[in-house]
1. Here are some conditions: (1) within 25 Å of Cys100 (Cβ to Cβ); (2) in contact (Cβ under 8 Å) with a residue 24 or more places away in the chain; (3) surrounded by fewer than 11 Cβ atoms within 10 Å (Cβ to Cβ). Phe167 meets all but one. Which one does it not meet?
2. So Ala39 ticks every box in (1) surrounded by 22 or more Cβ atoms within 10 Å (Cβ to Cβ); (2) in contact (Cβ under 8 Å) with a residue 40 or more places away in the chain; (3) not in a loop (DSSP other than H, G, I, E, B) but one. Which box is left unticked?
3. Which members of segment 123-136 meet the condition of being among the hydrophobic types (A, V, I, L, M, F, W, C) and either surrounded by fewer than 24 Cβ atoms within 10 Å (Cβ to Cβ) or within 16 Å of Asn26 (Cα to Cα) (or both)?
4. Return the residues of segment 141-175 that are in a helix (DSSP H, G or I) and of a type in the set (D, E, K, R); say none if nothing qualifies.
5. Being in a helix (DSSP H, G or I) and closer than 12 Å to His213 by Cα, is that true of even one residue in segment 248-258?
6. Could we say that Leu178 is in the same structural domain as Ala163 (by TED's automatic domain parsing), assigned to a helix (DSSP H, G or I) and out of contact with any helix residue (DSSP H, G or I) (no Cβ under 9 Å at 6 or more places or on another chain) here?
7. Residues being exposed (fewer than 10 other Cβ atoms within 10 Å of the Cβ) and either touching a residue at least 12 places away in the same chain (Cβ under 8 Å) or in contact with a Phe, Trp or Tyr (Cβ under 7 Å, 6 or more places away or on another chain) (or both): count how many of those fall in segment 215-259.
Amino acid sequence: MADPTLRYDLTEHIATITLNRPEAMNALTRELYGELEAAVRRSHSDPEVRCVIITGEGRAFCSGDDVKQIMLGEQRDATTARLRDVRPRPTPAAAAILECDKPVIAAVNGPAVGWGMDLTLFADIRIASERAKFGELFIKRGLVADLGGLWRLPSVVGPSKAAELLFTGDLINAEEALKIGLVSTVVPHEELLPTARALAAKIAANPPIAMRHMKEGLRRARHAGMEDMGAYIGSSLAYLFTTEDHREGALSFVERREPVFTGR
């Protein structure tokens, strides 16, 4: 029996999603796109999940679309038909990650190019191995980037640097990605997953209800004005003050002990 093209593991409130086509540098077929979407939506809906890690098996994080299948093969027509719909929707896997109410960490173990780079941008936090490389290669294929490149990248690295990366299709290494703020840290390759898991564990130890509201606040802040954000913060606090987790957080502070949050 062939190995699955995606692995899903849930341990101590952390869901790890691993793209598993190492022989193809984890290039995405339509089937793998579907599996990725399903895995992220599973994480979103599972109350046991408090943080998500996305990574790749082997030497690459994700090399983007499988060019032979999606751009030149039998899957090309299905992709084109979806995009020609009267109201084309965002790529389902992209929407799933962007809509996930659990924090998402991209543990970038190697090259992340094309939609693979966009995939890292859908995450909330990006940690890179020293072997990571990034490239918005869409222009080299006569295409435009997905939401990761055209919507998220400018807010992460600034409009000018985003334009440079999108217009040239240049590859950058992990140190350059750190310099421009594309990733938050670069670690030795063997330390990548332990570092990502340690960060995920720190996040997962926090109250999950408040975490969902915190993430939604960051999402809204990209396009909301001060008054809208003030209203969101007020309504969130009005609810969060009623939760058991808030009471536990306050009690643990005055009792000088570590809190234990239950998600209630």
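The values are calculated or read from the model by the stated rules, or taken from the named source; none is laboratory data. For clarity, every value in this text was computed on a predicted model and none was experimentally measured. Positions of Cβ are generated from backbone atoms using ideal geometry, with glycine treated the same way; all protein chains shown enter the neighbour counts.
1. That leaves (1) as the condition not met.
2. (2)
3. We begin by selecting, within segment 123-136, every residue among the hydrophobic types (A, V, I, L, M, F, W, C); these are 123, 125, 127-128, 132, 134.
Across segment 123-136, the qualifying residues are Ala123, Ile125, Ala132, Phe134.
4. Applying the first criterion (in a helix (DSSP H, G or I)) to segment 141-175 yields 141, 147-157, 159-168, 174-175.
Hits for segment 141-175 are Arg141, Arg152, Lys161, Glu164, Glu175.
5. Step one: filter segment 248-258 for residues in a helix (DSSP H, G or I), giving 248-254.
Keeping just the survivors that are closer than 12 Å to His213 by Cα gives none.
Taking every residue of segment 248-258 in turn, none turns out to be in a helix (DSSP H, G or I) and closer than 12 Å to His213 by Cα.
6. It is true that Leu178 is in the same structural domain as Ala163 (by TED's automatic domain parsing), assigned to a helix (DSSP H, G or I) and out of contact with any helix residue (DSSP H, G or I) (no Cβ under 9 Å at 6 or more places or on another chain).
7. Residues flagged as exposed (fewer than 10 other Cβ atoms within 10 Å of the Cβ) and either touching a residue at least 12 places away in the same chain (Cβ under 8 Å) or in contact with a Phe, Trp or Tyr (Cβ under 7 Å, 6 or more places away or on another chain) (or both) within segment 215-259 amount to 1.
To keep it simple, each residue is scored yes or no on (1) within 20 Å of Pro22 (Cα to Cα); (2) touching a Pro at 6+ places or on another chain (Cβ under 7 Å).
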| position | (1), (2) |
| --- | --- |
| Val108 | yes, no |
| Val113 | yes, no |
| Met117 | yes, no |
| Leu121 | no, no |
| Asp124 | no, yes |
| Glu130 | yes, yes |
| Phe134 | yes, no |
| Phe138 | no, no |
| Leu143 | no, no |
